[in-house]
Amino acid sequence: MPVYVEVETTTLGRYLAALRQREEGRRHEAGLLPPTRKLSRERTAGEAHITASYLTKVERDEVGQVAVGILWQLAEAYHVSEDEWRYVCDLAGHGAPYPYLAGMDLALTMPPLEEFRAALTPMMFTEMDEATTDLVAFVTPQRQLIAANRAYLDTYPTHRPGMFHLEWAFTDESKEIFINWDEQVDLGVAWHRGIMGRYGHTQWAQESHRRLWEFADFRRKWEAQDVAYSRPAVPETLLRIRGRRYAMTIESWQMQHSSLPIGKTRCRLRPFPEQ
């Protein structure tokens, strides 16, 4: 029988507690805090000009919306990155003034996959049919596969329409194909955390997270707490397909069809010499 694993999401309090623990490690390494000392709530609260009892309640998610000024003081104490600051604001419900997922707003319900599939135009299908060597795929804003051409499906046989890219990334097939699998997946998990920070209240985001949570490797990487609000452009990705090494160049476009945001990727493979 399958083992049920309770799905875990991140709250503001849990994330701030994790940042405090990370900052403790940073200060140990920098010699700013003796190895035997912890970065206590009392010390952190003093740096953020709040009381230790209030910080305790914040980390336990026992208060209402935390003021932006307090969050900023904590963020400075924890040396957070820009993406981490955005994530803190999203978790706190402040609607940080940053771009949303392409084509979406904070309250919009994601249309079902069938609507995205129906929005594909004859020109899109023609492009897939005529691309015999390039890998062409169309995806939803949360990178759920809508449709792909034969070259794509031959390269990734188990990545079928309806699967999220990150969901497929945790399959055995993906681990065998992607030579730099850890690097690629770490970027994807960080991006997914950003999506959950902004859209975690929606049904579609919760469903994608639930599906990912079934993978033990995803749960392990989720513990790293990395967050990103964009996927950095990677010039080339290394693959091993049917025993041969390839370098893959990826081009991406964001389009709007029938009021639906649809992403397109076109990938080119070239043989890559064995080292």
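Bridgeable lysines around Lys57 (alpha carbons under 28 Å apart, same-chain partners fewer than 8 residues away excluded): Lys38, Lys221.
Under the simplified labelling scheme, the Glu130-Ala216 pair shows an inter-label distance of 4.8 nm, with each label point 7 Å from Cα along Cα→Cβ. Glu223 exposes around 140 Å² of accessible area when a 1.4 Å probe is run over every protein chain in place.
Rg over Rh for the chain works out to 1.02, using Cα positions for both radii and the Kirkwood form for Rh.
Shown here is the pair-distance distribution of segment 93-226: with all Cα-Cα distances grouped in 5 Å bins from zero up to the longest one, the shares run 2, 9, 18, 21, 19, 16, 11, 4, 1, 0 percent. The three principal axes of the C-alpha atoms in segment 198-275 carry coordinate ranges of 46, 38, 22 Å, sorted with the longest axis first. In this view, the solvent-accessible surface of Trp253, computed with a 1.4 Å probe and all protein chains in place, comes to about 110 Å². Computed in the context of the full set of protein chains, the accessible area of the chain at 1.4 Å probe radius has 52% of its extent on carbon or sulfur. Protein-only accessible surface at a 1.4 angstrom probe places the residues Glu84, Glu176, Glu127, Glu115 in the order Glu176, Glu115, Glu127, Glu84, largest first.
The relative contact order of the chain, computed from alpha carbon pairs under 8 Å that lie at least 6 residues apart in sequence, is 17 percent.
Probe of 1.4 angstrom, ligands and nucleic acids ignored: what's the accessible area per residue over the chain, in square angstrom? Please list the in-between numbers first.
Values: 14580 Å² over 275 residues.
Averaged over the residues of the chain, the accessible area is 53 Å².
Kindly report, to the nearest 10 Å², the accessible surface of Lys57 as traced by a 1.4 Å probe over protein heavy atoms only. The accessible area of Lys57 comes to roughly 100 Å². Placing unit charges on the Cβ atoms of the charged side chains and taking the dipole of the chain about its Cα centre, the candidate lying farthest along the positive direction among Ala75, Gly25, Ala205 is Gly25. Taking amide hydrogens as placed 1.01 Å from N in the peptide plane, the amide H of His257 sits under 5 Å from those of Ile262, each at least 5 positions away in sequence or on another chain. Each of Phe272, Phe138 has its accessible area taken with a 1.4 Å probe; listed largest first, they run Phe272, Phe138.
The values are calculated or read from the model by the stated rules, or taken from the named source; none is laboratory data. All values derive from a computational prediction rather than experimental measurement. All Cβ positions, even for glycine, are placed from backbone atoms using ideal geometry, and neighbour counts span all protein chains on display. Please note that ligands, DNA and RNA were not included when accessible areas were found on the heavy atoms of the full protein model with its side chains. Shrake-Rupley method; radii C 1.70, N 1.55, O 1.52, S 1.80 Å.
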